Amino acid sequence: TIAPFSVRCKLQAKLMPPHPSLHRLYLTCFNEYKSAVVVVGDEELHLVAMPSKVEKVPCFWCCSVRSGIYAASVGMLNLRCLAIVFDLDETLIVANTMKSFEDRIEMLSRRMDIEDDPVRIAGMSAEIKRYIEDRELLKEFIDTDTVTDNGRIVGTQKEEVLPISGGQERVLRPVIRLPERNAILTRINPEVRDTSVFVKLRPAWEDLRSYLTAKGRKRFEVYVCTMAERDYALEMWRLLDPEANLISSHNLAERVVCVKSGSKKCLQNVFKDKGCHPKMAMVIDDRLQVWDEKDQPRVHVVPAYTPYYAPQAEMANAVPVLCVARNVACNVRGGFFREFDENLLRKVFELMYENELLDLPYAPDVGDYLVCEDTNFAPNNKDVAPIPEGMSGAEVGKRLNGLAYPRDQKQISNLTGDHWQQPPHYLSRCCKKLDGCANPGWSSGLL
């Protein structure tokens, strides 16, 4: 599973009787299902004890893997755990600054000026109204550290940002959480009001999050891969995982991966710490083409989250988008480990020293179980391509590092986020239910 077809050579003892140390090594490996490891640079050579049809001496296959990948991957296999990689912007959240709010209001106003269709005009007018309402909340947060929500004044709470590995100073960030609106207001740099952001969380995130680590049992190792700026990405993930249940603060630096805008995302780069093999990972993203071609079969594509353009779209289907993603993850995990337990392990134990590489059983790949079907996901105003929601640009680095904060603007522009360049197709993909998903040996319900 970790390195199929990586057999470099076969070794057998020539002395009869074999050297006692070699004989003990062989028996230990064979009886305890262990491999003897030789580290050569960034490579591990694993000597795997094999039974033989004819030889009466210690026999080994020598397999090669990248250093570190075996220990991490075999630990996940033993725990029945896979990896899941999340995109942020327009997949799990949509975030706006004063600048991005104003840009969108201006663009929609210009469109309305040249539009003749009264239905489209009404749709754009409603969209502008939603932008203005949240912009006013953000402005109040910037000016007073409070917001007025349905007649009640809500003040900020100081939330501590846990230091990531590398020794970061303790930071207290002003935050207002509005669960009824599925929204959070935060400040990327607590000392600079212009870095304030209004964040909308995608509905049903709690359902997906609770599945990943239900009752303390980790079903997936969680990673983030985004084209957003790093400080912004770390804060957005903190809002999604405030108690660090999905990614511990100790692992945060390696698990949140920021890719340069315009580059391809790649699972090999996500797992540069060798924490997982790409074949044991699935991806949740609203865009497929941003991923390296070899990883695209492992991507579950969700429709872009568009809370201003189509606020009712998330609940248009019987199953919310992130609940579909949860079900897909459940079925992927069930299919992967069914293949692993019922087919691969059985066939591996039938292999003999004399077998050839062509006799090796097929190794499971997450992409094999991401079997999806398209279902319509139709928002309002479907005839008009919405403007990209969230933020984009190149100026965020110097702003977040305190090099440029023009106070008279009362805004920070261009917090880089993932945004699509074409009108979304509004197709939600949900996984076909796998019959018999709950193996009698596993817990019932969601695997």
**Fill in**
Of the residues in segment 330-359, those that are open to solvent by less than 40 Å² (accessible area, probe 1.4 Å), out of contact with any strand residue (DSSP E or B) (no Cβ under 7 Å at 6 or more places or on another chain) and either part of a loop (DSSP other than H, G, I, E, B) or without any contact (Cβ under 8 Å) to a residue 12 or more places away in the chain (or both) number 2
**Message:** Between 339, 389, which is modelled with pLDDT of 60 or more, of a type in the set (Asp, Glu) and in the same structural domain as residue 300 (by the TED database)?
**Reply:** 339
**Asked** So which residues in segment 133-182 are in contact with a strand residue (DSSP E or B) (Cβ under 7 Å, 6 or more places away or on another chain), among the aliphatic types (A, V, I, L, M) and open to solvent by 60 Å² or more (accessible area, probe 1.4 Å), if there are any at all?
**Response** 153, 172
**Request:** Run residue 208 past the list (1) over 16 Å from the mean Cα position of the chain (by Cα); (2) in the same structural domain as residue 76 (by the TED database) and report the number of the one that doesn't hold.
**Result:** (1)
**Request:** From 109, 210, grab the single residue that is within 26 Å of residue 317 (Cβ to Cβ), assigned to a helix (DSSP H, G or I) and polar (S, T, N, Q).
**Result:** 210
**Fill in**
The one condition residue 306 fails out of (1) open to solvent by 10 Å² or more (accessible area, probe 1.4 Å); (2) assigned to a loop (DSSP other than H, G, I, E, B); (3) β-branched (Val, Ile, Thr) is (1)
**Request:** Identify the single condition in (1) among the aliphatic types (A, V, I, L, M); (2) in a strand (DSSP E or B); (3) in contact with a helix residue (DSSP H, G or I) (Cβ under 7 Å, 6 or more places away or on another chain) that residue 94 does not satisfy, given that it satisfies every other one.
**Result:** (3)
**Message:** Going residue by residue through segment 32-48, is there one that turns out to be part of a helix (DSSP H, G or I), open to solvent by 50 Å² or more (accessible area, probe 1.4 Å), closer than 30 Å to residue 325 by Cβ and not hydrophobic (A, V, I, L, M, F, W, C)?
**Reply:** no
**Item:** The lone exception for residue 1 - which of (1) free of Cβ contacts under 8 Å to residues at least 60 places away in the same chain; (2) closer than 30 Å to residue 330 by Cα it fails
**Value:** (1)
**Request:** Go through the residues of segment 267-281 one by one and say whether even a single one is assigned by the TED database to the domain that holds residue 212, buried (at least 21 other Cβ atoms within 10 Å of the Cβ), in contact with a Phe, Trp or Tyr (Cβ under 8 Å, 6 or more places away or on another chain) and farther than 20 Å from residue 74 by Cα.
**Result:** no
**Request:** Would you confirm whether any residue within segment 78-94 is within 19 Å of residue 36 (Cα to Cα) and surrounded by fewer than 21 Cβ atoms within 10 Å (Cβ to Cβ)?
**Result:** yes
**Asked** Among the strands (runs of 3 or more DSSP E) contained in segment 214-287, which hold 3 or more residues that are of a type in the set (Val, Ile, Thr)?
**Response** 220-226
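Against the definition (under 30 Å from residue 126 (Cα atoms) and surrounded by fewer than 19 Cβ atoms within 10 Å (Cβ to Cβ)), how does residue 297 come out, yes or no?
Working: under 30 Å from residue 126 (Cα atoms): no; surrounded by fewer than 19 Cβ atoms within 10 Å (Cβ to Cβ): yes.
No; evaluated as a whole, the condition is false for this residue.
The values are calculated or read from the model by the stated rules, or taken from the named source; none is laboratory data. Remember, predicted model here, so these are calculated numbers, not experimental data. Note that we place each Cβ from the backbone using ideal geometry, even for glycine, and neighbour counts take in every protein chain shown. To get the accessible areas, we keep the full protein, side chains included, count just its heavy atoms, and leave off ligands, DNA and RNA. Shrake-Rupley method; radii C 1.70, N 1.55, O 1.52, S 1.80 Å.
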